[in-house]
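Below: one structure, written as structure tokens.
Laboratory data are not the source of any read-out in this text; all were calculated from the coordinates shown. Note that the structure is predicted; figures quoted are calculated from it, not measured. Cβ sites come from the backbone with ideal geometry, for glycine too, and all protein chains shown count toward neighbours.
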């Protein structure tokens, strides 16, 4: 007997349908959410003059603030990805975390090449926290609210 999409297995359960575009869209939506929220918050903090004007050096404590909200937004991105994923929700959130590692590593390389842009710990913190935060977002989606 052929075991195709929607075919019945011996135990009566049907095979899960794979939806690669929905999976890709879920990860992309989580990534876009993190980027838009992060850059949008940066811009608002510049407008409110919490951050200095673009191109001016920023104090170390302000990088701590940026790290804090990026951690929260990374958890939110993992949650969004898990919410939109067609199956294996936490795995999709982890994929988002691995995708986020690429710009994180690029940020570390830029910080090493141009140390005047800011402290090296900042891009390292962003790269290191992305994967666990995305995972946490996926797990939080999975957990029932009590």
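At a 10 Å Cβ-Cβ cut-off, how would you order 81, 24, 129, 67, fewest neighbours first? If you can, show how the numbers build up before the last one.
Details: 81 33, 24 12, 129 19, 67 15.
Sorted ascending by nearby Cβ count, the order is 24, 67, 129, 81.
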Q. Share of Cα-Cα pairs in region 23-146 beyond 24 Å, in percent?
A. 30
